[in-house]
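Accompanying notes for the structure given below.
The values are calculated or read from the model by the stated rules, or taken from the named source; none is laboratory data. Nothing here was measured: the structure is a model prediction, and the numbers come from that model. Here the Cβ is made from the backbone with ideal geometry for all residues, glycine too, and neighbour counts use every protein chain on show.
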Amino acid sequence: MKQISVKLLQVGAVYTEPVYVEESNLLVPAGIAIRKKDIDHLIAWGIDTVHTEGERVIPGLNGPALFGAGYTAKQSGLPFPAELPENQGTYHVYMALIEDLKGIFKDIAAGNKVDVHSIDAIINRFFQMLREEREIIIGYILAGEVKHHDLAKSSINTAILSCLISMEFKAPNQKLLQIVTGALLHDVGMLRLPREILEKRGGLTGAEIQHIHTHPLLSYRIVCKELLYPDAVGLVVLQHHEYWDGTGYPRQLTGTHIDSGARIVSVADAFEAMISQKPYRNSMIGYQAMKNLLSDNSRRFDPNVLKAFIKTMGIYPIGSVVLLNNGAIARVTDVRNETPLRPKICLLIDESGTVYPQNEEEIIDLLTEKRLFITRALDPKDLPKLYE
């Protein structure tokens, strides 16, 4: 084992193998960030060196070396769903779509003429990416891998989720294209609203709320009058804030009077908003967002659309980090429509605290492994608390 001087230890440092005190007493498991209190304890105990067979990893810089190809070490020092190196191309396509849409939105905001072929090109690339790498893309959405470009990112993510729901309904290709286009452009009206309202922290005034409520009308005008898309696309953006019980806006439509595509985008948009970081609140984990949707009781959302979304994503969406009844931590890798509470998982940290390297994760099917079950979903940002 290599010796490391305690004087050289840094808060947040992560190692690829466990770090020990006197070669036998565990200080931190592999992949767990060293905390200030760990270093303080070593100094108080008069310990000068610690030992490890691993290498130091700098989170965010050489992170993939920690958990191999499968994971990236975040500042938390814990495994977190991230891009697979063998799928770097997928992540680059995903980022390129967001960047390209951001450029289009910039032109729309400025009132510049936009070539709709550039939007159609994004949609074509989007379909190809989703056909080939569905699970990976869902993981990017749930993990919040992209921290900037809020409106473009939200629009791409909402379009992805809307596409998945529409595919569950076996929507014809033309209808699928209309829904995805509407989902991609559903919030373009926001580009014409005052920035100080959109970025305001804290509660909005009544007048500011009314201002926000004009964005579907603005979106409709942009989509149909400026971009010249057909009314079938325009209705998706116009009605995506209409609620099933008639309490939505801008026209208080009810039930099936709301365009079917708009009902799909409404669910996708709400879920995406809940799992995304906003200036005025923190994001929710996928499980909590799904619970919120399930508690709707036919107020905001079409119950059939909700059922299709749950069948597509599962109660614990792919990529969710969960705690098992034996104390192990795992990530959901596959979901089943008929048994949403018992998905397939891969162990990240077992009950003894051992971190599984990439290609050595244990895959468990909770449908057949009856002694194990999920006790709750975990927010990866809160995981270090388990080790304090």
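Figure legend. Inter-residue proximity from region 363-384: first residues loosely packed, with under 13 Cβ neighbours inside 10 Å, second residues modelled with pLDDT of 85 or more, beta-carbon distance below 6 Å, spacing 6+ or different chains. Indicated pairs: ILE363/CYS346; THR375/LEU323; THR375/ASN325; ARG376/LEU323.
Got at least one residue in region 240-259 being touching a Ser or Thr at 6+ places or on another chain (Cβ under 6 Å) and either assigned to a helix (DSSP H, G or I) or surrounded by fewer than 20 Cβ atoms within 10 Å (Cβ to Cβ) (or both)? Yes, that holds for at least one residue.
For region 328-336, indicate whether the set of residues that are buried (at least 22 other Cβ atoms within 10 Å of the Cβ) and within 27 Å of GLY261 (Cα to Cα) is non-empty.
Step one: of region 328-336, the residues buried (at least 22 other Cβ atoms within 10 Å of the Cβ) are 329-332, 335.
With within 27 Å of GLY261 (Cα to Cα) added as a condition, the list becomes 335.
Taking every residue of region 328-336 in turn, at least one turns out to be buried (at least 22 other Cβ atoms within 10 Å of the Cβ) and within 27 Å of GLY261 (Cα to Cα).
Per-residue answers, yes or no, for (1) in contact with a Ser or Thr (Cβ under 7 Å, 6 or more places away or on another chain); (2) assigned to a helix (DSSP H, G or I); (3) modelled with pLDDT of 90 or more:
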residue: ALA262; (1), (2), (3): no, yes, yes
residue: VAL265; (1), (2), (3): yes, yes, yes
residue: GLU272; (1), (2), (3): yes, yes, yes
residue: ALA289; (1), (2), (3): no, yes, no
residue: ARG299; (1), (2), (3): no, no, yes
residue: ASN304; (1), (2), (3): no, yes, yes
residue: LYS307; (1), (2), (3): no, yes, yes
residue: THR312; (1), (2), (3): no, yes, no
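When only residues in region 44-65 that are in a loop (DSSP other than H, G, I, E, B) and of a type in the set (A, V, I, L, M) count, which is modelled with the highest pLDDT? Looking at the filtered set, the residue picked out is ILE47. Which of the residues spanning region 1-35 are among the charged types (D, E, K, R) and either at pLDDT 80 or above or closer than 13 Å to GLU55 by Cα (or both)? Passing the criteria: LYS2, LYS7, GLU17. Given the structure, is GLY103 of a type in the set (Gly, Ala, Ser), at pLDDT below 85 and not assigned by TED's automatic domain parsing to the domain that holds ILE349? Taking the combined requirement at face value, the residue does not satisfy it. Looking at LEU323, LEU306, which one is over 22 Å from GLN252 (Cα atoms) and among the aliphatic types (A, V, I, L, M)? Matching residue, one of LEU323, LEU306: LEU323. Do we have any residue at all in region 323-336 that's assigned to a loop (DSSP other than H, G, I, E, B), at pLDDT 85 or above, basic (Lys, Arg) and not assigned by TED's automatic domain parsing to the domain that holds LYS170? No. Can you tell me which residues in region 165-189 are part of a helix (DSSP H, G or I) and surrounded by fewer than 20 Cβ atoms within 10 Å (Cβ to Cβ)? Passing the criteria: MET167, GLU168, ASN173, GLN174, LYS175, LEU176, LEU177.
Being in a helix (DSSP H, G or I), over 19 Å from VAL267 (Cα atoms) and of a type in the set (Gly, Ala, Ser) is the filter here; which residues of region 190-221 pass it? Passing the criteria: GLY206, ALA207.
Which ones in region 354-368 are farther than 24 Å from GLY314 by Cβ and either among the hydroxyl-bearing types (Ser, Thr, Tyr) or at pLDDT 75 or above (or both)?
Passing the criteria: THR354, VAL355.
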